[in-house]
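The values are calculated or read from the model by the stated rules, or taken from the named source; none is laboratory data. Treat the numbers as computed from the prediction; the structure is a model and nothing was measured. Every residue, glycine as well, gets a Cβ built from its backbone with ideal geometry; the counts of neighbours run over all protein chains shown.
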Amino acid sequence: MTKHAVVIAGGGPTGLMLAGELALAGVDVAIVERRASQDLAGSRAGGLHSRTIEVLDQRGIADRFLTQGKVMQIAGFAFNPLDISDFPTRHNYGLALWQESIERILAAWVDELKVPIHRGREVTGFAQDDTGVDVEVSDGRSFRAQYLVGCDGGRSLIRKKAGIDFPGWDPSVSYLIAEVEMTGEPALGIRHGDKGVNALGRLEDRKRVRVVLIEPDVRQGDEPILDELREALIAVYGTDFGVHNVTFLSRFTDTTRQAASYRERRVLLAGDAAHVHSPAGGQGLNIGVQDAVNLGWKLAQVVNGTSRESLLDTYQAERHPIGARVLKNTMAQTALTGRDERTAALRETVSGLLKMDEPRKRTAAMMSGLDIHYDLGTGHPLLGRRMPDLDVVTAGGPRRVFSLLHDARPVLLNLGEPGALNLAPWADRVQRVDARYAGVWDLPVFGAVAAPTAVLIRPDGHVAWVGDGTDQGLRDALTTWFGPPNHS
Ligand SMILES: Cc1cc2nc3c(=O)[nH]c(=O)nc-3n(C[C@H](O)[C@H](O)[C@H](O)COP(=O)(O)OP(=O)(O)OC[C@H]3O[C@@H](n4cnc5c(N)ncnc54)[C@H](O)[C@@H]3O)c2cc1C
């Protein structure tokens, strides 16, 4: 039996990001992935939102994505485009990049970090006890791990075997998604139907067509057949355009469900394994990657013995509400796609609201993930929010704050008197950086906030403590997030 500190079931975007985070923290982690390679049948997610680009930037890998995709305004709500170019972030845009490319770049990073990926085999079961988890794999092998994380997608075997409930709503609509050739001239572009939007578009080879189509009735199962595609084309367009040579055909729905718990003792869930919803607004991959960035450092500290297991409760407390609001906003967007007169009137009202500045800013910040605010108590508005990527000046010269987070270690950024704030009992875990910053502190939606004298930044880029000229509360924050003081 091979031992690892953490085994991750599933090497999609969430599992890869989590593996990278754990490896950066020095954790012995391995991935078991069903697919033989990172190839992905068909196209799924089409891009990254601003906050996801930011978290990749915090690790120094955003450029790998930016150079392969197309920077553009991608945020939107129920087909109302939402421009974020006036938002106070270095990445005031999204990135159009297909999921397969995103996964390949993440896989290459994980490879550099020397994480073993056991490909072409799947986790078939597990048994957990007080000290660890025995993980069974389809090739007859088994692993012993301290923790098992299910990043194994919406039909997660890990979630089911852990007995975690998946409450929510059955689908109201099902879509076929396909890559095909057509002998006839396809009606390219978007066509609104009674229950939503259909789309035909040329693929990069200009020959094949990407089809996204509402089915006449709600169907389930991810292996539809060609006759069902023909039937759906005829129902929408009155013809099947001579569809043939189908290289990819799948189905997705607006099934909306969320794991009741993200942890069952030594088994955790992240990404689609923890939440599924309609692709409206392009959020699934993004929040999966952000789940991984929230969980990674916490799990690493528990595994490394720095923090108690209770730190893992904050993963559920912080990320479950984020998943829940994505479920809600996708349901709202689906409800707005109907073609009946009443829904059309509602859509018009919502579109009117979203043209106003405040609703646009709030909704765009939600869709792009820039407004995420973990409840870390009352105090300065920065507390629990994302640390802005300020240009600060350190003894070593100018630095971007995000560059201080590249190795996923916490940072105490001291902007007051150099040498102030005693960090000695945590110096093995937390870096102290003395710096100067004279500019404004501007947060998305919230606006300008009072300049703090210091901030304690967690490895995920969220602010855990804000200084106001004293060190009041700093010891508690350090203990809560990074373990008890070291008096040796
Ligand atoms: C049509 C469509 C469009 C979408 N568009 C967007 C978009 O624009 N933006 C966005 O953010 N999201 C979008 N999504 C959602 C996005 O694709 C998912 O949210 C994302 O893939 C979730 O990543 P994940 O790693 O959590 O799960 P997955 O990508 O499902 O990865 C799970 C991995 O686990 C593996 N696996 C499964 N079971 C096992 C097992 N037992 N053992 C080992 N391995 C296993 C699978 O092979 C897979 O590689 C879209 C989805 C669809 C269907």
From the options Arg257, Arg202, Arg191, residue that is of a type in the set (Lys, Arg), in contact with a Lys or Arg (Cβ under 9 Å, 6 or more places away or on another chain) and surrounded by fewer than 21 Cβ atoms within 10 Å (Cβ to Cβ): Arg202
Of the criteria (1) within 19 Å of Thr470 (Cβ to Cβ); (2) aliphatic (A, V, I, L, M); (3) at pLDDT below 95, which one Ala438 fails: (1)
Residue in the stretch 437-460 that is in contact (Cβ under 8 Å) with a residue 60 or more places away in the chain and surrounded by fewer than 12 Cβ atoms within 10 Å (Cβ to Cβ) present: yes
Selected residue (criterion: nearest to the ligand (Cβ to nearest atom)) from residues of the stretch 155-173 that are under 18 Å from Lys328 (Cβ atoms) and not β-branched (Val, Ile, Thr): Pro171
Pairs with Cβ under 6 Å, 6+ apart, first in the stretch 1-28 and at pLDDT below 95, second within 14 Å of the ligand (Cβ to nearest atom) and not aromatic (Phe, Trp, Tyr): Met1/Ser142
Qualifying residues in the stretch 285-316 (those that are in contact with a helix residue (DSSP H, G or I) (Cβ under 6 Å, 6 or more places away or on another chain), in a helix (DSSP H, G or I) and of a type in the set (Gly, Ala, Ser)) - the one farthest from Thr256 (Cα to Cα): Ala300
Odd one out for Ala127 among (1) modelled with pLDDT of 95 or more; (2) more than 13 Å from the ligand (Cβ to nearest atom); (3) not in a strand (DSSP E or B): (3)
Options Val135, Val149: the member that is within 10 Å of the ligand (Cβ to nearest atom), hydrophobic (A, V, I, L, M, F, W, C) and farther than 30 Å from Leu203 by Cα: Val135
Scope the stretch 250-297; condition closer than 15 Å to Glu21 by Cβ and among the polar types (S, T, N, Q); matching residues: Gln290, Asn294
Condition broken by Glu185, with the remaining ones in (1) closer than 18 Å to Glu231 by Cα; (2) outside any loop (DSSP other than H, G, I, E, B); (3) of a type outside the set (S, T, N, Q) satisfied: (2)
